[in-house]
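I have placed the structure first, in the form of C-alpha cells, so that the comments after it can refer back to it.
The values are calculated or read from the model by the stated rules, or taken from the named source; none is laboratory data. Bear in mind the structure is a predicted one, so any value in this text is a computation, not a measurement. Glycine gets a Cβ as well: all are built from the backbone with ideal geometry, and neighbour counts include every protein chain shown. Only protein heavy atoms, including side chains, enter the accessible area calculation; ligands, DNA and RNA are left aside. Shrake-Rupley method; radii C 1.70, N 1.55, O 1.52, S 1.80 Å.
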Amino acid sequence: MLINNWYVAAVEDDVKVGKPYRVKMLGLWFALFRNKANEVVCVNDTCSHRGGSLGLGKVNNGRIACSYHGWEYNSRGRCTRIPALGDEVKIPGRARVDCYPVVVRYGWIWVFLGDLPEEKRPPIPDNYPYYDEAMASREKWGIVHLNYEVQCNWARSEENSIDGAHPSFVHSSFGNKRDPKLMLVEPVAHEWGSSTYRERPPAEYRNLSKMTQSVLEEKRGNNKALTWFSIVGISHLIDVERSNGVRHITFAARTPIDVDNTRIFSHQVRNFLTGPEHDEERLEGRKKAAAEDTVVSQNVNPRYLPRSMSGELLVESDQNEAPFRKLIYRLAERGWEIDIDEAERQGRYNALAIPCPLRRENPKNWIAKPIPTTYPRRDD
Ligand code: FES
Ligand SMILES: [Fe+2]
C-alpha cells in the first residue's frame with residue numbers, strides 16, 4: 001500500500017453536516033467531518049489523548065469531538081478544547097492529530113494520504129468531464145454509479161480491471177470467446193501510469209445483454225477500446241466505442257481498506273438509452289461483470305503482488321499490468337510503501353499515522369508514530 005497518494009475516502013453525500021464519518025484506509029482509521037464553512041476535513045481517527053476514536057465522536061460547531069473525553073479538534077487537527085480541564089487551561093502542543101488535504105471531484109471525497117507539499121503532489125485525474133456533463137443533463141449521457149468492496153488486495157484488484165486479455169474468459173456478456181487474441185499495441189506512458197488504445201473484435205451478439213443488443217447490429221465491425229490507468233487514486237478510465245458509435249466510458253478508483261480488502265468507486269456514462277429508466281438494467285450488467293471479476297481476483301495466489309517483476313510470468317499481452325507493477329516498485333523505492341509486517345508489530349503498542357503535510361513544519365511534536373515503510377524516504 002502506497003502513501004503520498006490521493007485516495008477516494010467516501011462519496012460526497014456520506015459526510016453529513018454535524019456528524020463524523022469514520023473510514024478505514026491503508027489499514028488505518030480516519031475521521032471525516034464538515035467544518036463551519038461546510039468544507040470536508042480529514043483527520044487521523046486516533047485521539048492524541050488516550051487513543052479514543054474521533055470518528056465515533058461528535059461534531060460541535062464544525063469541530064470534531066473525541067468519543068472518549070470530548071477533546072475537540074479544529075480543521076487543522078489542533079486540539080482547541082479539553083473539557084475535563086475547563087476553558088482557561090493552555091492546550092499542550094502535542095494535542096493534535098494529522099490532518100490531510102481534501103478535494104471533492106466526481107462526487108467523491110479525495111484525500112491526500114501523505115506529507116508532500118502541494119506542488120509535489122500528483123494530480124488527481126481530470127480526464128472524466130463526462131461525470132459533470134451527465135449529472136447536469138441526460139441529453140448526451142446516461143450515468144450509473146457502482147461502489148462496492150472486495151476481499152482482495154488493491155493491486156490484484158486493479159490489475160484485473162486494466163487487463164485487456166481477461167474479458168474473453170471471465171465475462172459472460174462481453175469479450176470474444178472465439179477470438180481471444182489481443183491486438184498488441186505500444187502502451188503510452190504518462191507520468192503516473194500508462195494507456196493502451198486498440199481495436200477488439202466485437203463480442204458474440206447472443207452473449208450481449210438485451211439492452212446492448214437493442215442498440216447494436218449482429219454484424220458489426222471492431223470495437224475501439226482505450227484503457228488508461230493512473231496510480232493516483234489507483235484509478236482507471238475505460239472507453240469502449242462500438243463501430244456504430246455506441247459508447248460507454250467507465251471511471252473507477254480503488255482505495256485499499258487494508259492490505260486484504262479494497263473499496264471500489266465507479267461511474268459509467270453511456271451515449272445510448274441515456275434516460276434514467278434504463279439505469280437499473282445497465283447497473284445490473286455492471287454488477288454482473290463486477291461479480292465475475294471478483295471471483296477471479298479474490299482467488300489469485302499469492303494474495304499480493306510478487307516483490308519483483310520476475311515473480312510471475314508476465315508476457316506481451318500483459319500490456320498495462322507490466323507498467324503498473326514497475327510504477328509500484330519505483331514508488332516503493334522512494335519510501336512510499338507501507339511495511340505491513342512492521343506496521344502490524346509496531347501498531348500493537350503505538351498509534352501509527354501516515355505523516356501529514358503539517359509534520360514538515362514540526363516533525364517532532366506528535367503522539368502517533370510515522371507508519372514504517374519498506375524503504376527509507378528519499379523523495380526530496
Ligand atoms: S481519548 Fe480522546 S479525549 Fe480522551
Ligand atoms: Fe473484468
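Values computed for the structure shown
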read-out: Residue count, the range 1-35 (criterion: of a type outside the set (D, E, K, R), within 27 Å of Asn350 (Cα to Cα), without any contact (Cβ under 8 Å) to a residue 60 or more places away in the chain and open to solvent by 10 Å² or more (accessible area, probe 1.4 Å)); value: 3
read-out: Residue match in the range 297-308 (condition: assigned by TED's automatic domain parsing to the domain that holds His190, under 27 Å from Trp110 (Cβ atoms) and crowded, with 19+ Cβ neighbours inside 10 Å); value: yes
read-out: Residue match in the range 211-226 (condition: assigned to a helix (DSSP H, G or I) and open to solvent by less than 40 Å² (accessible area, probe 1.4 Å)); value: yes
read-out: Residues of the range 40-56 satisfying the condition of being surrounded by 24 or more Cβ atoms within 10 Å (Cβ to Cβ), of a type in the set (A, V, I, L, M, F, W, C) and touching a strand residue (DSSP E or B) at 6+ places or on another chain (Cβ under 6 Å); value: Val41, Cys42, Val43, Leu54
read-out: Subset of the range 227-250 [part of a strand (DSSP E or B) and either of a type in the set (S, T, N, Q) or touching a helix residue (DSSP H, G or I) at 6+ places or on another chain (Cβ under 7 Å) (or both)]; value: Thr227, Phe229, Ser230, Ser235, His236, Ile249, Thr250
read-out: Residues (more than 16 Å from Thr46 (Cα to Cα) and part of a loop (DSSP other than H, G, I, E, B)) located in the range 70-92; value: Gly86, Asp87, Glu88, Val89, Lys90, Ile91, Pro92
read-out: The range 57-72 - residue that is more than 10 Å from ligand 1 (Cβ to nearest atom) and in contact (Cβ under 8 Å) with a residue 24 or more places away in the chain and, of those, most open to solvent (accessible area, probe 1.4 Å); value: Lys58
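Here's the yes/no breakdown for (1) on the phi < 0 side of the Ramachandran plot; (2) outside any loop (DSSP other than H, G, I, E, B); (3) open to solvent by 20 Å² or more (accessible area, probe 1.4 Å); (4) within 16 Å of ligand 1 (Cβ to nearest atom):
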residue	(1), (2), (3), (4)
Ser157	yes, yes, no, no
Ser161	yes, yes, yes, no
Gly164	yes, no, no, no
Val185	yes, no, yes, no
Ala189	yes, yes, yes, no
Ser194	yes, yes, no, no
Tyr197	yes, yes, yes, no
